[in-house]
There are 2 protein chains.
Amino acid sequence: MDCYKELKSLLTDDQVSINETILREHSFDESSHPPVFPSIVVFPHTTLDIQKVVDYANKNMLPITPYGIGSGLEGQAIPIKQGISIDFQQMNNILEIRPEDLVVRVQPGVTREQLNRTLKKHGLFFPIDPGADATIGGMASTNASGTTAVRYGAMRQQVLDMEVVLINGKVIRTGSLASKSSSGYNITNLFVGSEGTLGVFSEITLKVHGIPETISAGRACFQSVKECGEAAVALLTSGVSIGRIELVDERSIIQMNKYHETSFEERPTLFIEITGNASGVQHDVSFTKEILEEYNCSSLFFESDSKKRALLWRARHELSYAFRHPYPHLSVLGTDVCVPLSSLPRIVEMTRKEIDSLHLDGAIFGHVGDGNFHTLILFDPNSPSEREKAERLNETIVSFALKCGGTCTGEHGVGLGKQKFQRLEHGDSLDIMIGIKHLLDPNNLLNPGKIFSDTEIESLSSFQK
Amino acid sequence: MDCYKELKSLLTDDQVSINETILREHSFDESSHPPVFPSIVVFPHTTLDIQKVVDYANKNMLPITPYGIGSGLEGQAIPIKQGISIDFQQMNNILEIRPEDLVVRVQPGVTREQLNRTLKKHGLFFPIDPGADATIGGMASTNASGTTAVRYGAMRQQVLDMEVVLINGKVIRTGSLASKSSSGYNITNLFVGSEGTLGVFSEITLKVHGIPETISAGRACFQSVKECGEAAVALLTSGVSIGRIELVDERSIIQMNKYHETSFEERPTLFIEITGNASGVQHDVSFTKEILEEYNCSSLFFESDSKKRALLWRARHELSYAFRHPYPHLSVLGTDVCVPLSSLPRIVEMTRKEIDSLHLDGAIFGHVGDGNFHTLILFDPNSPSEREKAERLNETIVSFALKCGGTCTGEHGVGLGKQKFQRLEHGDSLDIMIGIKHLLDPNNLLNPGKIFSDTEIESLSSFQK
């Protein structure tokens, strides 16, 4: 309990906790990875607080695991080596809004919905929308994206600059307020997606965007997920000003209708959003209808009414919960591959066949505009054979995605679940990553056990031999 | 001459040269940095050829400097430590075009115009357009951009994957064909902008884009560069679908008219391009006119005629040549800062005043949509006082840009000229960069003397002490 006393002396009493309930809250995320309790939880208010905690951890060789809101899907916030969980809920200030520069500066604990409520007053919005109301810090740490990446890119395309506390206690800035730079190596994009393994984020500067003048959203139903995929590829290469384009399979629509009491037609569906000025959107909606008809689109509705649009996107965003909440006794395994656009129809079709042939209950949906889709597989956590089948399916999907030139994770990150695919995906590039990890965290204290397996991290990278 | 013989035995006779003319051709670029002859020039055809050269250089401790087409503006291709210049002109094959994936794979010696000629047949284009017909390898090495970055981003937003030959002879792939990924650290964006200091690029996979259905281009003249800047900020935050927006000052227009025999009104001007579908563009052009009138726009012309548009953009692209070619006895110093949008009017106004008060002949133009602008200063290379005044002006502009939260180089890169600003701009982040340089190039053989000064590189980074 020295650690508890010492951290309280560095911070204040109410910024440090070893309360059982608090420890439990920081032991898990929304994945099916098993929980591990941290030894202690701290709640910093400032960059200086983080520096004190990091310095203390470094001197005492204690692992540090940052915690946003616990909505991660690969166990990134689970402190698998125990140690200190740094919870950012009290670092949730929007520090600066610069409407003329289309830039905001926030603390890592700000959530995306909190940010958007504030930005709305300026006619601005922050587009990145993973299903959960995640924190900006958490989203930066996994390079999160969501339904709008097809238009705006992922977190890497939004983060201009970060303040980061390094393990040696130094505080750096990774970028600048300029919208582009050719000065030095790109350190910002190295930290974005590093899942807390290279440093602790203390401030994040983001690009924001003007709310589009006109938005039209629609649903297009097809005979098969393969036709959905093909129609999506055709739309995406047509030049239509797509804001979002999501594939939702029949099983997902059935669950959506149950959970939200909606009455969407229970068929493979594309949810589409077209944005721009009024005349441009009208023109693109007509063109979209023409294109979709060529792919046996059986029904098509477009609406500009903002309430109906909101319902449609809420149903889509909460799809994962629609599967999780009604089956509390079941676990959910989610896949997250991303492939080149042209491979999408094939991999989606293969996935549907595999789910059926394994007699699993599973749904397919995703960000078809990026070639990124998810499979949700329900399984009984007490049945080793069901878990094994679900994991085998994940491996089959990843293996197919890598063969197409894709990636094992489009937006959820590596965390615990995707470590086993890292060498296969990255080859000798993985040694560069491990070299950089050694450079910035020589004692492996920053979120240890994430991204790299212990075996990988303990073998010195071939560049340092 | 052992080196000459040995490299010829590894490659073929005509892939290795010590011809005086060839050596001279590889001694300079388009900057005013003094030339240095390489010891030898090699012309690889394949990744294996590059591996052989890199392996030979590594064993014999010879510096390696990649050479694209020599259009760089900060001396990146000048082999200041001599050694081997690797010329990519014979690695200029477009290896694969995947229209459905909006992706191409090219060798580094392919030039952007060569690529666009081929893509046009597929209704596609590659947007990044530095003034010169640079190679894709060179553009990736400096994170080049140009007039379209406001819409499509810089090279970092286009490069999906690279094949890179490391100094240890290994060949890695940095990314994948997926449009986004959360797998591992982002190594691709570390290599993009690394100016040949971390590895030698052997293949580059790029995003490409559909040619917009409708393009309208216009010129808007103002009373002052400050009003140009303010009008640009207003347009950029209005939601208009801007394809390009360039500021060109009065002095630049005068030179443009002389060089191209055009008759553009000789006032501070915005060159604007609006793209989208026909109805959307028409709507946006009207809206643009309304906005610009609020900023005392004295004249405004829009045209959809493709020949007139081409002339306008050619005049803009060749502006740098319009100053260089008529004054062969004068040198040109170009600045390249990038600042947050709202700071642009102030810094442009300050720059104009400084040029005038130093009695220099100089022009201001640039990519106002990114907050990136250039100042071209003509000076007599034989007059130390003129050179000193030009360099002082550069320092004043960089210092102002950094104070606004900007960067010393928006698109030209660090090379030789921007090294002195690296510590000021990056602070302790520079130590991370130097650490990565050590990791990937422990003997400092990859384009030595670029980005980092010898003093910086020789002091081991604080992370490795």
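Taking the dipole about the Cα centre of chain B, with the C-beta of Lys and Arg at +1 and of Asp and Glu at -1, give me whichever of B:L445, B:V233, B:L190 is farthest to the positive side.
B:L190
Starting from the Cα gyration tensor of the stretch A:374-438, take the square roots of the eigenvalues, sort them a ≥ b ≥ c, and report rounded, prolate or oblate (rounded when a/c is under 1.5, otherwise prolate if a/b is larger than b/c, else oblate). Spell out each step's value before the answer.
Values: a/c = 2.59, a/b = 1.84, b/c = 1.41.
Because a/c hits 1.5 or more and a/b exceeds b/c, the stretch A:374-438 counts as prolate.
Just to check, using Stokes-Einstein with a Kirkwood Rh over alpha carbon pairs, what's the diffusion coefficient of the stretch A:191-245 at 10 °C and 1.306 mPa s in µm²/s? Intermediate values should be presented prior to the final figure.
Values: Rh = 15.5 Å.
Translational diffusion coefficient: 103 µm²/s.
What do you get for the angle between helix A:344-357 and the principal long axis of chain A? Use alpha-carbon atoms, 0 to 90 degrees, nearest ten.
80 degrees
Per residue, how big is the convex hull around the C-alpha atoms of the stretch B:169-324? Give it to me in cubic angstrom, could you?
Working: hull volume 27.4 nm³, N = 156.
Given the Cα convex hull of the stretch B:169-324, per-residue volume reads 176 Å³.
For an R0 of 56 angstrom, estimate the FRET efficiency from the Cβ-Cβ distance between A:E113 and B:D380 and round to the nearest 0.05. Don't skip to the answer; put the middle values down first.
Numbers: r = 60 Å, r/R0 = 1.08.
With a Förster radius of 56 Å, E is 0.40.
So what's the angle, to the nearest 10 degrees on a 0 to 90 scale, between helix A:306-317 and the longest Cα principal axis of chain A?
The angle comes out near 60 degrees.
Just from its helices, what would the mean residue ellipticity at 222 nm be for chain B, if runs of 4 or more DSSP H residues each count -39500 (n - 2.57) and the sum is divided by every residue, rounded to the nearest 500 deg cm²/dmol? Before the final figure, lay out each step's value.
Numbers: 17 runs with 165 residues, N = 465.
The helix contribution divided over chain B gives -10500 deg cm²/dmol.
Please identify the GluC sites (Glu not before Pro) of the stretch A:164-267 that satisfy two criteria: DSSP loop assignment and at most 12 other Cβ atoms within 10 Å. Which are they? Show your work: numbers first, answer last.
On the way: sites: A:E195, A:E203, A:E213, A:E227, A:E230, A:E246, A:E250, A:E261, A:E265, A:E266; in loops: A:E195, A:E213, A:E261, A:E265, A:E266.
Passing both the DSSP loop test and the Cβ count: A:E261.
Specify which residue in the list A:A132, B:T375, A:M61 is farthest towards the positive end of the charge dipole of the protein assembly as shown, using unit charges on the beta carbon of Lys, Arg (+1) and Asp, Glu (-1), about the Cα centre.
A:M61
For the stretch A:45-99, what Kirkwood radius comes out of the mean inverse Cα-Cα distance, in Å? Please report the intermediate quantities before stating the final value.
On the way: mean 1/r = 0.0785 Å⁻¹.
Its Kirkwood hydrodynamic radius stands at 12.7 Å.
If R0 is 22 Å, what FRET efficiency do you get for B:V36 and B:D2 from their C-beta distance, rounded to 0.05? Let's see the in-between values first.
Details: r = 21 Å, r/R0 = 0.97.
Efficiency at R0 = 22 Å is approximately 0.55.
With label points built 7 Å along Cα→Cβ from the Cα atoms of B:T455 and A:D361, find their separation and express it in nm.
Roughly 6.9 nm, to one decimal.
Mind grabbing the base-10 log of I(q)/I(0) for the protein assembly as shown at q = 0.05, 0.06 Å⁻¹? Debye formula, identical points on the C-alpha positions, no solvent, two decimal places.
So the normalised log intensities work out to -0.28, -0.41.
Based on other C-beta atoms within 10 Å, arrange A:I211, B:I457 from fewest to most.
On the way: A:I211 16, B:I457 19.
Neighbour counts put them in this order, fewest first: A:I211, B:I457.
Are any of the pairs B:K5/B:K170; A:K207/B:K121; A:K121/A:K207 more than 27 Å apart by Cα-Cα distance, and if so, which?
Numbers: B:K5/B:K170 24 Å; A:K207/B:K121 35 Å; A:K121/A:K207 16 Å.
Result: A:K207/B:K121 exceed 27 Å.
Using the Cα centre of the stretch A:374-465 as the reference point, and only Cβ charges (+1 on K/R, -1 on D/E), how large is the resulting charge dipole? Debye, rounded to the nearest 20. Please list the in-between numbers first.
Working: 10 positive and 13 negative charges, 25 e Å.
Result for the stretch A:374-465 is approximately 120 debye, rounded to the nearest 20.
Please report Rg (one decimal) and Dmax (integer) in Å for the Cα set of the stretch A:77-203.
14.4, 45
Using alpha carbons only, how many degrees (0 to 90, rounded to 10) separate the axis of helix A:250-260 from the longest principal axis of chain A?
Orientation of helix A:250-260: about 70 degrees from the principal axis.
Largest first, please: the extent of the C-alpha atoms of chain B along each principal axis, to the nearest Å.
That gives 67, 56, 44 Å along the principal axes, largest extent first.
Under a plain spin-label model, where a point goes 7 Å from the Cα along Cα-to-Cβ, how far apart in nm are A:M61 and A:E395?
Distance between the two pseudo-spin positions: 3.5 nm.
If you place +1 on the Cβ of every Lys and Arg and -1 on the Cβ of every Asp and Glu, how big does the dipole about the Cα centre of the stretch A:215-295 come out, in debye to the nearest 20?
Working: 7 positive and 13 negative charges, 35 e Å.
Using only the charged Cβ atoms, the result is roughly 160 debye.
Could you bin all the Cα-Cα distances of the stretch A:352-403 into 10 Å bins starting at 0 and give me the percent of pairs in each, rounded to whole numbers?
The distribution over the stretch A:352-403 is 23, 55, 20, 2, given as percents.
If you take the C-alpha gyration tensor of the stretch B:1-148, multiply each eigenvalue by 5 and take the square root, what semi-axes do you get, largest first, in whole Å? Mind dumping the intermediate values first?
Values: eigenvalues 168, 70, 26 Å².
Equivalent-ellipsoid dimensions as semi-axes: 29, 19, 11 Å.
Neighbour counts of other C-beta atoms within 10 Å: give me A:E354, B:E411 arranged from fewest to most. Mind showing how you got there, number by number?
Numbers: A:E354 18, B:E411 28.
So the ranking, lowest neighbour count to highest, is A:E354, B:E411.
Per Stokes-Einstein, at 4 °C and 1.567 mPa s, what whole-number D in µm² s⁻¹ belongs to the stretch A:85-149, with the Kirkwood radius over Cα pairs as the hydrodynamic radius? All intermediate terms of the calculation are to be shown ahead of the outcome.
Numbers: Rh = 12.2 Å.
Translational D for this selection: 106 µm²/s.
Let me test this: with uniform point scatterers at the alpha carbons of the stretch B:1-78, what is the Debye-based log₁₀ I(q)/I(0) at q = 0.19, 0.20 1/Å?
Values returned for q = 0.19, 0.20 Å⁻¹ are -0.82, -0.90.
Starting with the highest mean, order B:105-118, B:384-397, B:152-165 by the number of other Cβ atoms within 10 Å, averaged over the residues of each peptide.
Details: B:105-118: 20.1, B:384-397: 16.6, B:152-165: 22.9.
The packing order, highest mean first, is B:152-165, B:105-118, B:384-397.
Please compute the net charge surrounding A:L119, taking Lys and Arg as +1 and Asp and Glu as -1 over other residues with Cβ under 11 Å from its Cβ. Could the numbers behind the result be given before it?
Values: positive: A:R112, A:R117, A:K120, A:K121; negative: A:E113.
For residues surrounding A:L119, the net value is +3.
What is the local net charge at A:V103, summed over the other residues whose Cβ is closer than 12 Å to its Cβ (Lys, Arg +1; Asp, Glu -1)? Working shown, then result.
Working: positive: A:R98, A:R105, A:K207; negative: A:E96, A:E100, A:D101, A:D161.
Once positives and negatives cancel, what remains is -1.
Percent of Cα-Cα pairs more than 17 Å apart in the stretch B:290-409, please.
Details: 4515 of 7140 pairs.
Percent of Cα pairs beyond 17 Å in the stretch B:290-409: 63.
For the stretch B:267-315, treating each Cα as an identical point scatterer without solvent, what Debye log10 I(q)/I(0) comes out at q = 0.24 1/Å?
Here the Debye-derived log intensity ratios amount to -1.04.
How would B:D133, B:D305 line up from fewest to most surrounding beta-carbon atoms within 10 angstrom?
Working: B:D133 14, B:D305 10.
Exposure proxy ranking, most exposed first: B:D305, B:D133.
Just to be sure I follow: if Rg is taken over the C-alpha atoms of the stretch A:143-247 and Rh is the Kirkwood radius over the same atoms, what is Rg/Rh?
Details: Rg = 18.4 Å, Rh = 16.6 Å.
Ratio of gyration radius to Kirkwood radius: 1.11.
To the nearest 20 Debye, how big is the dipole of the stretch B:60-170 about its Cα centre, given +1 on the beta carbon of each Lys and Arg and -1 on that of each Asp and Glu? Could the numbers behind the result be given before it?
Details: 10 positive and 10 negative charges, 13 e Å.
So the dipole magnitude of the stretch B:60-170 works out to roughly 60 debye.
Test of understanding: extend the Cα→C-beta vector of B:Y327 to 7 Å, then name every residue of the stretch B:256-287 with backbone N under 17 Å from that spot.
In the stretch B:256-287, the label zone of B:Y327 (backbone N under 17 Å from the point 7 Å along Cα→Cβ) covers B:256-260.
List the extent of the Cα atoms of the stretch B:272-352 along each of their three principal axes, largest first, rounded to whole Å.
That works out to 49, 33, 23 Å along the principal axes.
Nearest 5 percent is fine: what portion of the DSSP beta bridges confined to the stretch B:35-180 is antiparallel? Don't jump to the answer; show the numbers that get you there.
Numbers: 8 of 15 bridges.
That works out to approximately 55 percent antiparallel.
The numbers here are math on the coordinates, done by the rules we state, and not lab data. Here the structure is a predicted model, which means the values were calculated and not measured. Cβ: placed from backbone, ideal geometry, glycine included. Neighbour counts: every protein chain shown.
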